[in-house]
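**Student:** What follows is a single structure, and I will ask about it in a moment.
Derivation of every value follows stated rules applied to the coordinates shown; laboratory data play no part. Values in this document were obtained by computation on a predicted structure and should not be read as measured data.
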Amino acid sequence: MLRETLITTDPDLPRDDNPYPICDTRPVIVDRWFNPYRAPNSDRARAVVTDVTGQVQSLESYRKLRQRARRPKDQEAFEGIVSAIVCDLIHFHLLRKDGGLVVTRSNTILGKRSRYRPQIYNQTFPAVLDRLATPEMEFVAQAKGHPLYFEAGPRRTTIRPPTSLAPLSIGAAINVRMLASSTAATANGSRSRYP
């Protein structure tokens, strides 16, 4: 955007020598919303997701973060969370966009069950994000959000693909077509708003 100048004799209107510009000239970086329906669509993409899932489970056993094994239903939910996060981060990396992916860590949103919400949005979602962002893993670069403060406005949690995820996707030669966004319809028949 260019700074507009007004030529006028009215002293109340901004002029060319006004120290306060009419608009900001800095580019605005827009964050995209995380797509919880992104899934691997090829064997190579599934291999990357399986590798990351295995590394996260190895971290859990090494640090003794879990006392017992997950139930089959919980294991399926865990793999779905890791799959959606990794696939959307790789997709975001391949598109070479600025900004990040906005995710929610809100207990208000994740704590309630709803047939309209994606199944990966449950109370283990923030824990999986934290495990993917640990210094040992570093599959996610996470900037946690904060509420409204006087010196800064509210900020949502954003995630970005760090440099450690790029070699996995490049080494497996993954392209955008190998990461599908499922057209999961909700119970009332409406389609997802995610591209």
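**Student:** What are the extents of the Cα atoms of the stretch 32-181 along their three principal axes, in Å, largest first?
**Tutor:** Here the Cα extents, ordered largest to smallest, are 47, 40, 33 Å.
**Student:** If you don't mind, there's one more thing I want to ask. Report the full-extension gain for the segment Leu65 to Ser42: residue separation times 0.36 nm, less the Cα-Cα distance, to one decimal in nm.
**Tutor:** In short, 5.2 nm is gained.
**Student:** Provide the per-residue ³J(HN,Hα) series for the stretch 96-106, in order, calculated from phi with Karplus coefficients 6.51, -1.76, 1.60 and θ = phi - 60°, each as a whole number of Hz, with x at glycine and proline positions.
**Tutor:** Per residue, the Karplus-derived 3J(HN,Hα) values read 6, 8, 8, x, x, 9, 7, 10, 10, 10, 6 Hz.
**Student:** Please turn the phi angles of the stretch 53-70 into ³J(HN,Hα) values with the Karplus equation 6.51 cos²θ - 1.76 cosθ + 1.60 (θ = phi - 60°), one per residue in order, whole Hz, x for glycine and proline.
**Tutor:** 4, x, 5, 5, 5, 5, 4, 4, 6, 5, 8, 6, 7, 10, 7, 9, 6, 6
**Student:** Search the structure for amide H atoms under 5 Å from the amide H of Leu179, placed 1.01 Å from N in the peptide plane, and list their residues when 5 or more places away or on another chain.
**Tutor:** Counting only residues 5 or more places away or on other chains, the set is Asn41.
**Student:** Next question. How large is ³J(HN,Hα) for each residue in the stretch 120-125, as worked out from phi by the Karplus curve 6.51 cos²θ - 1.76 cosθ + 1.60 (θ = phi - 60°), to whole Hz, x for Gly and Pro?
**Tutor:** 6, 7, 9, 6, 8, 4
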